[in-house]
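Participant: Shown below is the structure under consideration.
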Amino acid sequence: MGRFYITTPIYYVNDVPHIGHAYTTSAADVAARFHRQLGDDVFFLTGTDEHGTKVEQAAAARGLAPKEHVDEVVQKFKEVAQKVGATNDFFIRTTDPEHERFVQELVQRCYDAGDIYKSSYSGLYCGACEAYYTEENLVDGLCPDHGTAPVHMEEENYFFRLSAFQDRLTALYRGDPDFVRPRHRYNEALSFIEQGLEDISISRATLKWGISVPWDPSQVIYVWVDALINYLSALHYAPGEDLMDRFWPPSYHLMAQDILKFHGIIWPALLMSAGYELPEHLFVHGYLKLGGEKMSKTRGNVMDPFPLIEQYGADPFRFYCLREVSFGQDGMVSEEGFKSRYNTELANELGNLVSRTTSMISKYRGGAVPAPPAGRAAADSPLAAEAAGMADIARGQLEEMELSNALDTIWVFVRRLNRYVEEQAPWKQAKEEAAALAAAGDDPQRVAAARAPLDGTLWDLAEGLRLLTVVLHPFIPATTASMRVRLGLEPEPDASAGPAWSEATWGLLPAGLVVAAGAPLFPRIEE
RNA sequence: GGCGGCGUAGCUCAGUCGGUCAGAGCAGCGGAAUCAUAAUCCGCGUGUCAGAGGUUCGAGUCCUCUCGCCGCUACCA
């Protein structure tokens, strides 16, 4: 039994929830569910980042106080987690008073450690934005939002001595090539560090909407510093006892590539300064691209997942994203692709497999899953070895966060079961059985022998489906729950926990199950 | 410019330590079967593995160079 603490980034409420948020949260949920199945002590955290200039401005534009504004917008992000079926254990908001207090404590620690000092920051400042711009971010030398010329300004800020951590960060990376995965992201971060780190300003004098610097209330803490600390602060006040001891450090921080620098460099340095253990791994997943381009609102090529989820449920969405795109790499998604995979893989291959299996058990055995033929050990099933291999490999891949590889491994087995039906041809076995039974008379041994082939086939299929409910639970939990009902298995007491991974062992199918027919798991999408 | 990555069948992509690695899925064509959501299964690919050179008994798989894409290159979430 291990410990598993996984996080998504906390989402910036100024943005509108989009497929990227749903993707990250889904992926984190897959990992969290899998580790619960292993029996690990799991904590899965997500939440929202609610401070900063943009939020302050958005609120002002609506004539609301910032807090009123974020209280409203945060609901949309809570809905994302709920809609994708995420089993997050807590939802943190950086406006939680407990978080704010903790951020101040932590920053104070860094200050006391001598890693924060006052200096002046100079740059190009747009008064309308109340923000600084670097030259690259200007459009023809003008503010991209207001079209006005920024002025050169200086402000007194507190700086974090990031440069002092260069050697320790280098050592961290050199000592653990898996600190950031996949490897090319590790290279990126390391090369950034080796180019030389400069101190960073971690406070703002012109902004009000933030957490004030404890020793100088005229300034607020830079929003990224505020945000990163959520991974730590949450454990101090999320429901439950001793969460720090139970869960720190994080097993995985999940994120997209745009925020690697903050998580891979600033965050470890802050933790070093404040004296905390470092996260074990950062995992950087790719972007979902539509039509070969990175999705962006300005390009108008954003794929909105929420109508699809409303219409088809969370499972098909989760399945599609994690199956279509190699986890850790960029990939293309489209509504067309969604429908294609939904129909071919979920409806035809998996859904129909469940249909045909339960239907044949009903038709040939009155709905009762037969016992395996007398004298045939579970391990003698033609599928036993493949099933065991599939479960082992998928487990290893899930442990390594190779989510799409795991799904691929599992799907080979789904297809194997369909092929098995064709190979055994139960309808043919049923005819042969009828003939053999007619010839067997009352001889119990001959009756048993006559029934053995079809019994074996149906039992194998039911057992194969049962295994699938275990290994697919992390990806499509509502579906596997429904499959278990159809197979006549007892529902899990805790739906978010799912069946224990140890049940992914061939031969554990309980005796005496009665299958239940049902509407198609995935009705085909007809166009 | 520097660092990193990518360029493999019509499409989307796998290819861990160099030796059945030339593959999968989709799309297309042909066939079988009928338990099932007309759902399944089987068969069919002459691809210069971007190009050139090199190392090696042997290279998509290592090295060099060229071409074409992409990411990162500091405080914009």
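The values are calculated or read from the model by the stated rules, or taken from the named source; none is laboratory data. Bear in mind the structure is a predicted one, so any value in this text is a computation, not a measurement. As a convention, Cβ positions derive from the backbone with ideal geometry for all residues, glycine included, and neighbour counts pool all protein chains shown. Surface areas here come from the heavy atoms of the whole protein model, side chains and all, with no ligands, DNA or RNA. Shrake-Rupley method; radii C 1.70, N 1.55, O 1.52, S 1.80 Å.
Participant: Just add up the charged neighbours of A:T357: K/R +1, D/E -1, any other residue whose Cβ is under 12 Å from the Cβ of A:T357.
Facilitator: Net charge around A:T357: +3.
Participant: While we're here: Taking H placed 1.01 Å from N in the peptide plane, check which residues at least 5 places from A:G488 or on another chain put their amide H under 5 Å from its amide H.
Facilitator: A:A516
Participant: Find how many whole Å separate the alpha carbon centroid of segment A:1-43 from the alpha carbon centroid of segment A:407-429.
Facilitator: The distance from the Cα centre of segment A:407-429 to that of segment A:1-43 comes to 32 Å.
Participant: Ok, one more. Which lysines, if any, have their Cα less than 30 Å from the Cα of A:K428, not counting same-chain residues under 8 positions apart?
Facilitator: List returned: A:K363.
Participant: Now for a separate question. Could you pull out every one of the lysines with an alpha carbon less than 17 Å from that of A:K76, ignoring same-chain neighbours closer than 8 positions?
Facilitator: By straight Cα distance, A:K76 reaches A:K67.
Participant: Additional query: Can you tell me the length gained on complete extension of the stretch A:T170 to A:S334, counting 0.36 nm per residue apart and subtracting the Cα distance?
Facilitator: Full extension of this stretch gives 55.1 nm more.
Participant: About the Cα centre of segment A:357-497, what is the dipole size in debye to 20, counting +1 per Lys and Arg Cβ and -1 per Asp and Glu Cβ, all else neutral?
Facilitator: Here the size comes out at about 540 debye.
Participant: In chain A, what percentage of the DSSP-assigned beta bridges are antiparallel, given to the nearest 5?
Facilitator: If I count the DSSP bridges inside chain A, around 50 percent turn out antiparallel.
Participant: Shifting gears a bit: Quick one: which of A:275-283, A:28-36 comes out on top by average Cβ neighbours within 10 Å, and what's the full order, highest first?
Facilitator: Those peptides, ordered most packed to least, come out A:28-36, A:275-283.
Participant: Quantify, in whole percent, the carbon and sulfur part of the accessible surface of chain A (1.4 Å probe; protein heavy atoms only).
Facilitator: 50 percent
Participant: Now for a separate question. Would you pull out the residues with amide H under 5 Å of A:F43's amide H, same chain only if 5 or more places away, H placed 1.01 Å from N?
Facilitator: The list, which skips near neighbours in sequence, is A:F4, A:Y5, A:I6.
Participant: While we're on this one: Based on the alpha-carbon gyration tensor of segment A:160-289 and its eigenvalue square roots a ≥ b ≥ c, which shape applies: rounded if a/c is under 1.5, prolate if not and a/b is larger than b/c, or oblate?
Facilitator: oblate
Participant: Another one. Residue by residue through segment A:283-289, which ³J(HN,Hα) values in whole Hz follow from phi under the Karplus form 6.51 cos²θ - 1.76 cosθ + 1.60 (θ = phi - 60°), with glycine and proline marked x?
Facilitator: My calculation for segment A:283-289 gives 10, 9, 8, x, 8, 8, 10 Hz in order.
Participant: Right, here's the next one. Ignoring everything except DSSP H segments at least 4 long, calculate the 222 nm mean residue ellipticity for chain A; use -39,500 (n - 2.57) per segment, divide by total residues, nearest 500.
Facilitator: Estimated from H runs of four or more residues: -14500 deg cm²/dmol.
Participant: Using modelled amide H (1.01 Å from N, peptide plane; none on Pro or chain starts), what sits under 5 Å from the amide H of A:N157, excluding residues fewer than 5 places away?
Facilitator: When sequence neighbours closer than 5 places are left aside, the close amide H contacts are A:S119, A:S120, A:Y121.
Participant: Rounded, prolate or oblate: which one fits chain A, using the alpha carbon gyration tensor with axes a ≥ b ≥ c (rounded when a/c is under 1.5, else prolate when a/b beats b/c, else oblate)?
Facilitator: It comes out prolate by the Cα gyration axes.
Participant: Could you size up the charge dipole of segment A:53-113 around its Cα centre, putting +1 on the beta carbon of Lys and Arg and -1 on that of Asp and Glu, and report it in debye to the nearest 20?
Facilitator: Roughly 260 debye for segment A:53-113.
Participant: All other residues with a Cβ under 13 Å from the Cβ of A:L465 taken together, and with Lys, Arg as +1 and Asp, Glu as -1, what is their net charge?
Facilitator: +1
Participant: Shape verdict for segment A:1-112, please, from the Cα gyration tensor: rounded (a/c under 1.5), prolate (a/b greater than b/c) or oblate.
Facilitator: oblate
Participant: Where does each of A:331-340, A:315-324, A:97-106 land if you order them by average Cβ count within 10 Å, highest first?
Facilitator: The peptides rank, most packed first, as A:315-324, A:97-106, A:331-340.
Participant: How much accessible area per residue does segment A:435-527 have, counting only protein heavy atoms and a probe of 1.4 Å, in square angstrom?
Facilitator: 44 Å²
Participant: I'd like to check one number: the per residue accessible area of segment A:263-413, probe 1.4 Å, reported in Å² as a whole number.
Facilitator: 39 Å²
Participant: OK, next. Give a residue-ordered list of calculated ³J(HN,Hα) values for segment A:195-201 (Karplus: 6.51 cos²θ - 1.76 cosθ + 1.60, θ = phi - 60°; whole Hz; x for Gly, Pro).
Facilitator: So the Karplus estimates, Gly and Pro as x, are 6, x, 9, 10, 5, 10, 6 Hz.
Participant: Something else: If we sort A:3-14, A:57-68, A:349-360 on the protection proxy, mean other Cβ atoms within 10 Å, highest first, what's the order?
Facilitator: A:3-14, A:349-360, A:57-68
Participant: Now for a separate question. Please give the net charge around A:N343, taking every other residue with its beta carbon less than 12 angstrom from that of A:N343, where Lys and Arg add +1 and Asp and Glu add -1.
Facilitator: -2
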